[in-house]
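Right, one structure below, let's go through it.
The values are calculated or read from the model by the stated rules, or taken from the named source; none is laboratory data. These figures come from a predicted structure and were not determined experimentally. Reconstructed Cβ throughout: ideal geometry from the backbone, glycine too, with neighbour counts over all protein chains shown.
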Amino acid sequence: MEEIEKSAASVEEAIEEALAELGLSEQEARIEILQEPKSGFLGRNAQAAVVRVRPAAPAAQVEGEIRDKQGDLAADFLEGLMSAMGIPAEVELNEVQGTLYAEVWGKESGDDMGLLIGKHGHTLDALQELVRSHVQGHTADRCAVQVDVEDYRKRRTAQLVRHAREMGRKVAKSGRPETLEPMSSYERKVVHDTIAEMGGLETASEGEEPQRRVVIRPV
Amino acid sequence: MREVLEYIARNLVDDPDAVEVTESETDGTVVLRLSVAPDDVGKIIGRRGRTARAIRDVVRAASTRSGVNTVVEIVG
């Protein structure tokens, strides 16, 4: 299996560089921190951060039976969470374009499901992280289930793909780099993948979370 | 809010019976203190604090719905 080691000033940067080189998102990778950075004394004995990154079993390789089990775990967990939060909602499992979604739908049309999405999808990202942790605690495999709240994730992804293509065309035309707005790691991955498909362009992530942004450049 | 935090924590750890949440209130803010078995602390915090952040975000969303201010503290 392909694995690489990267060193950089911070663990965060080393991971991001390694992921970019392998073309993986954090969720698709197994990351080991080999060495934490040290600043040293007056610049002497300083140590860089070193990480080792290799691909985890990709989503397509998470076998049907395991994925179904993950789907059930995710749906049960989310249903229990909704009732603990006092939100009248149902959870449906749906396969859309090869991805298994656990979708939370409000039972009453007036219900504010925006609360579960949050600003820029922040709360939805948090739900995704809790589901990932719950699922991976019960199965050894990478979590292949995507959480959605009333199709927000799917709509946002489609929007993001269109926006990335538009910016990509702009860079190709002008020959000048463009910096996109801050995005979550999932959203940056969507942009990296979309631009990679266009050819003739490259992407990199810059800045610190939560202000991390994708930059598109001509090759 | 206590039930929300308890529910999440119990579903992330290996030892759900060791999950304890105590609740106190200062200046209109509800403080929830979560403690778990020593071996489960890493699971609750996650790599670079990612899971702890997610727990806080979801508890905050639940609090907003009930119109209260909530702080989650994790005690090892």
>> So, in the stretch A:102-134, exactly how many residues are buried (at least 21 other Cβ atoms within 10 Å of the Cβ), of a type outside the set (Asp, Glu) and in a strand (DSSP E or B)?
In response: 2
>> I need the full set of residues from the stretch A:123-148 which are within 11 Å of chain B (Cβ to nearest Cβ), without any contact (Cβ under 8 Å) to a residue 60 or more places away in the chain and farther than 16 Å from A:LEU81 by Cα, in order please.
In response: A:GLN136, A:GLY137
> So how many residues does the stretch A:193-216 have that are at pLDDT 95 or above and loosely packed, with under 15 Cβ neighbours inside 10 Å?
Replying inline: 0
>> So, A:VAL190, is that one of a type in the set (Val, Ile, Thr), within 30 Å of B:ILE8 (Cα to Cα) and in a helix (DSSP H, G or I) or not?
In response: yes
> Is at least one residue of the stretch A:87-96 within 14 Å of chain B (Cβ to nearest Cβ), in a strand (DSSP E or B), in contact with a Lys or Arg (Cβ under 8 Å, 6 or more places away or on another chain) and under 22 Å from B:ALA61 (Cα atoms)?
Replying inline: yes
> If you scan the stretch A:122-141, which residues turn out to be more than 12 Å from B:ALA54 (Cα to Cα) and in contact with a Phe, Trp or Tyr (Cβ under 9 Å, 6 or more places away or on another chain)?
Replying inline: A:HIS134, A:VAL135
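Would you pick out the residues in the stretch B:1-36 that are in a strand (DSSP E or B), out of contact with any Leu (no Cβ under 8 Å at 6 or more places or on another chain) and surrounded by 16 or more Cβ atoms within 10 Å (Cβ to Cβ)?
Step one: of the stretch B:1-36, the residues in a strand (DSSP E or B) are B:20-26, B:29-35.
Subsequent filtering for residues that are out of contact with any Leu (no Cβ under 8 Å at 6 or more places or on another chain) retains B:24-26, B:29-31, B:33, B:35.
If the condition is that a residue be in a strand (DSSP E or B), out of contact with any Leu (no Cβ under 8 Å at 6 or more places or on another chain) and surrounded by 16 or more Cβ atoms within 10 Å (Cβ to Cβ), then B:VAL30, B:SER35 are the ones that fit.
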> Just for the stretch B:47-76: of the residues that are in contact with a helix residue (DSSP H, G or I) (Cβ under 6 Å, 6 or more places away or on another chain) and small (Gly, Ala, Ser), which one is farthest from A:SER185 (Cα to Cα)?
Replying inline: B:GLY76
